[in-house]
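Before any comments, here is the structure.
The values are calculated or read from the model by the stated rules, or taken from the named source; none is laboratory data. Model, not experiment: these values are computed from the prediction. Glycine also receives a Cβ, built like all others from the backbone with ideal geometry; neighbour counts cover every protein chain displayed.
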Amino acid sequence: MLGRVNHIAIAVPDLGVATTTYRDTLGARVSQAQALPEHGVTVVFVELPNTKVELLEPLGPDSPIAAFLEKNPSGGMHHICYEVDDIIAVRDKLKAVGARVLGDGTPKTGAHGKPVLFLHPKDFNGTLVELEQV
Ligand code: CO
């Protein structure tokens, strides 16, 4: 059911500082910042040979990562994104076994223009899971 790791996301308090750290200190290739108002975040992608790291900064007063950063003021690992072939089929299979899909269960368009869903961390070993249809 699960394919590749599409990205690992890290919530950061200051996207400019985090971008500088990854680009200049760690020598990685980083994307331009991209505002995603529908998700309440601004993102920068760190492009690695085998996957990506998504740096997330809160956008707007109702950002879903604001509470996370309150608990983790210097930032922290926020979610892991796995690729799936058919997000609706995967969602329905997970719901059938009692896993909680966040929101109303309708996929939203993610940072790559593809459908995404989030799964409740309590159902997946304390880790917020994002599924992206590729
Ligand atoms: Co993500």
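Structural remarks
- Residue in segment 106-116 that is within 14 Å of residue 39 (Cα to Cα) and away from the ligand (no atom under 14 Å from the Cβ) present: yes
- For segment 64-88, the set of residues classified as closer than 21 Å to residue 7 by Cα, free of Cβ contacts under 8 Å to residues at least 60 places away in the same chain and more than 14 Å from the ligand (Cβ to nearest atom) consists of 66, 69, 86, 88, listed by residue number.
- Residues satisfying the stated conditions in segment 1-33, i.e. within 12 Å of the ligand (Cβ to nearest atom) and surrounded by fewer than 16 Cβ atoms within 10 Å (Cβ to Cβ): 5
- Among the residues examined, residue 38 qualifies as modelled with pLDDT under 95, within 15 Å of the ligand (Cβ to nearest atom) and either acidic (Asp, Glu) or farther than 21 Å from residue 132 by Cβ (or both).
- Leading residue by the ranking (nearest to residue 66 (Cα to Cα)) among those in segment 91-105 that are within 16 Å of the ligand (Cβ to nearest atom) and surrounded by 12 or more Cβ atoms within 10 Å (Cβ to Cβ): 102
- Residue 49 vs. criteria in contact (Cβ under 8 Å) with a residue 24 or more places away in the chain, closer than 28 Å to residue 1 by Cβ, assigned to a loop (DSSP other than H, G, I, E, B) and out of contact with any Asp or Glu (no Cβ under 6 Å at 6 or more places or on another chain): no
- Yes/no for residue 60 being modelled with pLDDT under 95 and either within 14 Å of residue 129 (Cβ to Cβ) or part of a strand (DSSP E or B) (or both): no
- Test: residue 132 is surrounded by fewer than 16 Cβ atoms within 10 Å (Cβ to Cβ) and either on the phi < 0 side of the Ramachandran plot or within 15 Å of the ligand (Cβ to nearest atom) (or both): no
- Residue 105 satisfies every condition listed in (1) over 28 Å from residue 14 (Cβ atoms); (2) at pLDDT 95 or above; (3) in a loop (DSSP other than H, G, I, E, B) except (2).
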